[in-house]
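Notes follow once the structure below has been shown.
The values are calculated or read from the model by the stated rules, or taken from the named source; none is laboratory data. Note that the structure is predicted; figures quoted are calculated from it, not measured. For neighbour counting, all protein chains shown are included, and Cβ atoms are generated from backbone atoms with ideal geometry for every residue, glycine included. Quick note on the areas: whole protein, heavy atoms, side chains included, nothing else; ligands and nucleic acids left out. Shrake-Rupley method; radii C 1.70, N 1.55, O 1.52, S 1.80 Å.
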Amino acid sequence: MTTTFRVKVNGQHELTVDPSEGTLLEAMEAANIETHYHCRDGFCGACRTKVLSGDVYYINEPLAFVRPGDCLPCCCVPTSDLDLDH
């Protein structure tokens, strides 16, 4: 059974994300949501995004500093529905 989560970005984009299909960054790109990044492994922090509600799981432990309440979409997947301020 596949679990998908609803992800709302900036209060206007709403997408359905299947964590088994890739990272949050890849899902945002597939939905044509402009996302700044310089890596795809949690090194630089350029894709830092505010998590208003919900939880994520890091498939790669980020090397960039991640403040509480933020996530790095390049190396995480949702584990619940998310509301993001990107």
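Quick look at the numbers
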read-out: Highest-first arrangement of 74-86, 53-65, where packing means the average Cβ count within 10 Å; value: 74-86, 53-65
read-out: Selected from 5, 66, 30, residue furthest toward positive end of dipole (region 5-85; charges at beta carbon); value: 66
read-out: The chain - convex hull of alpha carbons, volume per residue in Å³; value: 79 Å³
read-out: Accessible area per residue, Å², the chain with all protein chains present, probe 1.4 Å; value: 58 Å²
read-out: 3J(HN,Hα) from dihedral phi, region 32-41, Karplus parametrisation 6.51/-1.76/1.60, rounded to Hz, x for glycine, proline; value: 6, 8, 4, 9, 7, 7, 10, 9, 9, 9
read-out: Segment residue 31-residue 58, length gained on full extension (0.36 nm per residue, minus Cα span); value: 7.6 nm
read-out: Antiparallel DSSP beta bridges within the chain, percent to nearest 5; value: 80 percent
read-out: Carbon + sulfur, % of accessible area of the chain - ligands and nucleic acids excluded, 1.4 Å; value: 47 percent
